[in-house]
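Encoded as structure tokens, the structure appears first; notes follow it.
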Amino acid sequence: MTARRFIDRLYYLLTLRPVYHALFWLLLFGTMVALGYEHVPDLPFVMSNEVISLFFHVIIVYFNLFYLIPNYLAKNVLLYLSLLLLSCAIVAPIEMLVLYLKFSGLPHLQDQLVREQGFLFLGSFLIALLSTILRVITDWWRYQHEKQTLTTQTIQTELRFLKSQINPHFLFNTLNNLYALTLKKSDKAPEIVLKLSEIMRYMLYECNEKRVLLTKEIQYIHNYLDLERLRQAGEADIRFTTEGIISDQMVAPLLFVPFLENSFKHGLNLHVRGGGFVRLHLAVRGDDLEFFIENSKAERLPRQEHPRSGGIGLANVRQRLAILYPESYNLIVLDEPHRYAVTLQLQLN
């Protein structure tokens, strides 16, 4: 985690425009001084010469970056290159004139400067061209980073939207159950309130992360099933078993809720005369998790006085799995005449 944080900070620092521009000019100046010192072993003299040259390179480069590239590079490459050559042809002679005057009293250096004026022009053009290449690379890099950031933000927004659909859906179903029991003045109502309080605490305070402990998700399932057992009054076979060592594994929060809701709402609750079953099994084998749930189906569906609502749960799960576990999950749905079963296989890491 510390190494990752250091890399992120280093990336942020290096992508600041003043920083990477300063590094570019320092590196260029150091290279120019080193090359000049090979011919004239007088460091103060060489450094003063290269400061002059660097000044004219700065003029060419920033004229290129702030005027030529934005106005001509994308529209007409040949025109851009022609204007860049023209700019160097104007600035390079001025640079040579300044250096020529500086070398007064040193005729051999003046003669050498006149002989090598072509290299002076070529050097200016190559440095300007290098600034263009670096500009294209940094723009592409910044675009890729912004694209990745936007993708991450889009994923987080979609996940928040999907979770906002799950939580009210479950709350609505549970409050309906509680309302029915309070009408009957059932002694089970306080216990349902307690279980519902634990469930809501989990959803409100512990499900805001991308991953939660699997143990907490399992406890959530137990609370959910306890609510259903109270409501079913022992008339249904509701079982939940686990297998394997469950300790610090992490999983996406509320991932199993739609399966639970569907198994009761569209399965067990449609048994007109009670009975039926909901069976769950969760197995952990290393980094692999398998969640299995099956429920009975009524032979005859009760007459619907109102159009059936809901049905968003399974679609939400498929979307969340595609986002959170890309190419790391397998979802198998089995719809038989008297049974409905779902098997979800995940690679946790």
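Rule-based calculations on the coordinates, nothing more; no lab input. Small disclaimer: the values here were computed from a predicted structure and weren't measured. Virtual Cβ from ideal backbone geometry, glycine too; neighbours counted across all protein chains shown.
Numbers for the structure displayed
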item: Theoretical FRET efficiency, 1/(1+(r/R0)^6), r = Cβ-Cβ of residue 110 and residue 151, R0 56 Å, to 0.05; result: 0.40
item: For a label point 7 Å along the Cα-to-beta-carbon line of residue 63, residues of the range 92-111 with backbone N under 13 Å; result: 92-96
item: Excluding exposed DSSP-loop GluC sites (Glu not before Pro) (at most 14 other C-beta within 10 Å), longest clean stretch of the chain; result: 1-115
item: Distant-in-sequence amide H partners of residue 238 (H built 1.01 Å from N, under 5 Å); result: 278
item: Sum of -39500 (n - 2.57) over DSSP H runs of 4+, divided by residues of the chain (222 nm, nearest 500); result: -21500 deg cm²/dmol
item: Karplus (6.51, -1.76, 1.60) ³J(HN,Hα), θ = phi - 60°, over the range 55-62, in Hz, Gly and Pro reported as x; result: 4, 6, 5, 4, 4, 5, 5, 6
item: Pairs of lysine residues in the chain - Cα separation under 30 Å, sequence separation of 8 or more or cross-chain; result: 26
item: Virtual spin-label span in nm between residue 246 and residue 349, 7 Å along Cα→Cβ; result: 2.0 nm
item: Net lengthening on full extension, residue 332/residue 315 (0.36 nm per residue, minus Cα-Cα); result: 4.8 nm
item: For the range 2-147: rounded, prolate or oblate by the Cα gyration tensor [a/c cutoff 1.5]; result: oblate
item: Simple label model, 7 Å out from Cα along Cβ direction - residue 229 to residue 172, nm; result: 2.8 nm
item: Contact order normalised by residue count of the chain, Cα under 8 Å, 6+ apart, percent; result: 10 percent
item: Within the chain, longest stretch clear of exposed trypsin sites (Lys or Arg not before Pro) (DSSP loop, no more than 15 other Cβ within 10 Å); result: 76-183
item: Point-to-point label distance, residue 237-residue 37, nm (Cα→Cβ direction, 7 Å offset); result: 8.7 nm
